[in-house]
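Enquirer: Sending over a structure as structure tokens; questions will come in a sec.
The values are calculated or read from the model by the stated rules, or taken from the named source; none is laboratory data. Because the structure is a prediction, the values reported are computed rather than measured. Here the Cβ positions follow ideal geometry from the backbone for every residue, glycine too, while neighbour counts run over all protein chains shown.
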Amino acid sequence: MLKRYSIIENKIVETTSEQSPIYVFICPDEKEKRFLVDVLNLDEHTLNSATDPDELSRLEFEPSHIALIFKRPQNYSGEQQFFFKVASTGLFLFKDKLVIIIDEDLMLFEGKQLAKVSSLQELTLKLIYRSIFHFLEHLKIINVISDELEKKINAAMENSYLINLFSLEKSLVYYLNSISSNGVLFSKLKTNAAKIGFTTEEIEFLEDMLIENNQCLRQADIYSNILASLMDARASIVGNNLNVLMKTLNIITIGIMVPTFVVSAFSMNVHIPLSGHPFAFWIIMGFASASVASLTFVWKRKKW
């Protein structure tokens, strides 16, 4: 699917004109891919890389344009079971055109980062810059989910909570790799700033992006280390909860067996004491109660 946009009064506005400077291709079909390759001269391998979630961020210079592949968090859905995925996005910067390739329909040009745009070069940087904040937002969500799962693990023994926690840890590994990969892209953009044609303000903005990305990387690394170090402890908590439950069940079982044994002894089909006593029933119940009291006393004395 193709959408066209223009920069009007420093704002990104959707248009229908074929002369629009901004093309956004959402999951391009074969016909659209042929147009991109044959008409706009995009490299077919780079084009396929733009929607490949396993592709690393990179910068390539082509005769007619500059190709950038960067990583961003994929929109999360409940079906993913606490697994946060990453996706790739392709930016192809021409002298008078910017082609964007994405694998899902996103609101690309919303948010304060894109409230004011004056050039295609600035738009290119701000699109990548927005992905940093997208990563930061997801890291906050992962931290909140991790805290909630920790509380549930402390009170329950279900393996599903540990599996969810493992999914979060796996997500952070992918996030760390993607954020680090984006950092390499930012460094290459800074090195080739003059070749690309960035202004002084855009170069300063690119330096700020590097700082923000490094902070994002450190935050993701902290969360990842915390989850990794606490996984064993939380697994031990589950085992301890199981031991406590088994201990409680044993107490209940023994507590029932002792008076049952007393009553059963007086219920045998043989001649036993008290068989003719008028208060035999209450005497036997007294013995049973005394056995329970004795068991409780010994249990507390031994601190079992």
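Enquirer: Under the condition of being of a type in the set (Ser, Thr, Tyr) and at pLDDT below 70, which residue from the stretch 267-295 is farthest from residue 254 (Cα to Cα)?
Expert: If we filter the stretch 267-295 for residues that are of a type in the set (Ser, Thr, Tyr), which is where we start, we get 267, 275, 289, 291, 294.
Going one step further and asking which of them are at pLDDT below 70, we end up with 267, 275.
Details: 267: 20, 275: 27 Å.
Here the residue is 275.
Enquirer: Within the stretch 74-81, is there a residue that is in contact with a helix residue (DSSP H, G or I) (Cβ under 8 Å, 6 or more places away or on another chain), of a type outside the set (D, E, K, R) and at pLDDT 85 or above?
Expert: No: the stretch 74-81 contains no residue that is in contact with a helix residue (DSSP H, G or I) (Cβ under 8 Å, 6 or more places away or on another chain), of a type outside the set (D, E, K, R) and at pLDDT 85 or above.
Enquirer: Sort out which residues of the stretch 30-46 are farther than 18 Å from residue 89 by Cβ and in a loop (DSSP other than H, G, I, E, B), and write them in order of number.
Expert: 41
Enquirer: Pull out all pairs, ordered by first then second residue, where Cβ-Cβ is under 9 Å, the residues are six or more apart or on different chains, the first lies in the stretch 212-227 and is over 15 Å from residue 144 (Cβ atoms) and modelled with pLDDT under 90, and the second is assigned to a helix (DSSP H, G or I) and aliphatic (A, V, I, L, M).
Expert: Going by the 9 Å Cβ cut-off, the qualifying pairs are 224/172; 224/173; 224/176.
Enquirer: Just need a number here: residues in the stretch 111-138 that are among the polar types (S, T, N, Q) and in a helix (DSSP H, G or I). Spell out the reasoning first.
Expert: Of the residues in the stretch 111-138, the ones among the polar types (S, T, N, Q) are 113, 118-119, 121, 124, 131.
Okay, now just the ones that are also in a helix (DSSP H, G or I), so 113, 121, 124, 131.
The total comes to 4.
Enquirer: Would it be correct to say that residue 84 is in contact with a helix residue (DSSP H, G or I) (Cβ under 7 Å, 6 or more places away or on another chain), surrounded by 13 or more Cβ atoms within 10 Å (Cβ to Cβ), over 23 Å from residue 186 (Cβ atoms) and of a type outside the set (Lys, Arg)? Write out each step before concluding.
Expert: On the way: in contact with a helix residue (DSSP H, G or I) (Cβ under 7 Å, 6 or more places away or on another chain): yes; surrounded by 13 or more Cβ atoms within 10 Å (Cβ to Cβ): yes; over 23 Å from residue 186 (Cβ atoms): no; of a type outside the set (Lys, Arg): yes.
When the stated conditions are applied, residue 84 does not pass them.
Enquirer: Suppose the filter is free of Cβ contacts under 8 Å to residues at least 40 places away in the same chain, loosely packed, with under 14 Cβ neighbours inside 10 Å and either more than 13 Å from the chain's Cα centre (by Cα) or not assigned by TED's automatic domain parsing to the domain that holds residue 204 (or both); does residue 190 pass it?
Expert: Values: free of Cβ contacts under 8 Å to residues at least 40 places away in the same chain: yes; loosely packed, with under 14 Cβ neighbours inside 10 Å: no; either more than 13 Å from the chain's Cα centre (by Cα) or not assigned by TED's automatic domain parsing to the domain that holds residue 204 (or both): yes.
When the stated conditions are applied, residue 190 does not pass them.
Enquirer: Please determine, by comparing only the residues of the stretch 43-65 that are over 25 Å from the mean Cα position of the chain (by Cα) and aliphatic (A, V, I, L, M), which one is surrounded by the most Cβ atoms within 10 Å (Cβ to Cβ). Talk me through it step by step, then tell me what you get.
Expert: Residues of the stretch 43-65 that are over 25 Å from the mean Cα position of the chain (by Cα), as a first pass: 43-48, 59-65.
Right, trim to aliphatic (A, V, I, L, M) and you get 47, 59.
Details: 47: 21, 59: 19.
That would be 47.
Enquirer: Next question, about the same structure. For a quick check of your reading of the model, give me the residue pairs whose first member lies in the stretch 49-60 and is without any contact (Cβ under 8 Å) to a residue 24 or more places away in the chain, whose second is among the aliphatic types (A, V, I, L, M), with beta-carbon atoms closer than 7 Å and at least 6 apart or on different chains.
Expert: 60/67
Enquirer: Given the residues 114, 125, 40, which is the only one that is of a type in the set (A, V, I, L, M, F, W, C), within 27 Å of the chain's Cα centre (by Cα) and surrounded by fewer than 19 Cβ atoms within 10 Å (Cβ to Cβ)? Quick ask: steps written out before the conclusion?
Expert: Numbers: 125 fails: surrounded by fewer than 19 Cβ atoms within 10 Å (Cβ to Cβ); 40 fails: within 27 Å of the chain's Cα centre (by Cα).
One residue alone meets the criteria, 114.
Enquirer: Looking for something of a type in the set (Asp, Glu), crowded, with 18+ Cβ neighbours inside 10 Å and either in contact with a strand residue (DSSP E or B) (Cβ under 8 Å, 6 or more places away or on another chain) or in contact (Cβ under 8 Å) with a residue 12 or more places away in the chain (or both) - is there at least one such residue anywhere in the stretch 145-166? So that I can check it myself, show each step before the final result.
Expert: Initially, the stretch 145-166 is screened for residues of a type in the set (Asp, Glu), giving 147-148, 150, 158.
From what's left, crowded, with 18+ Cβ neighbours inside 10 Å: none.
For the stretch 145-166, residues of a type in the set (Asp, Glu), crowded, with 18+ Cβ neighbours inside 10 Å and either in contact with a strand residue (DSSP E or B) (Cβ under 8 Å, 6 or more places away or on another chain) or in contact (Cβ under 8 Å) with a residue 12 or more places away in the chain (or both): absent.
Enquirer: Residue under question is residue 161, and the condition is that it be within 28 Å of residue 32 (Cα to Cα) and either touching an Asp or Glu at 6+ places or on another chain (Cβ under 9 Å) or in a helix (DSSP H, G or I) (or both); does it hold? Give the derivation first.
Expert: Details: within 28 Å of residue 32 (Cα to Cα): no; either touching an Asp or Glu at 6+ places or on another chain (Cβ under 9 Å) or in a helix (DSSP H, G or I) (or both): yes.
So residue 161 fails the test.
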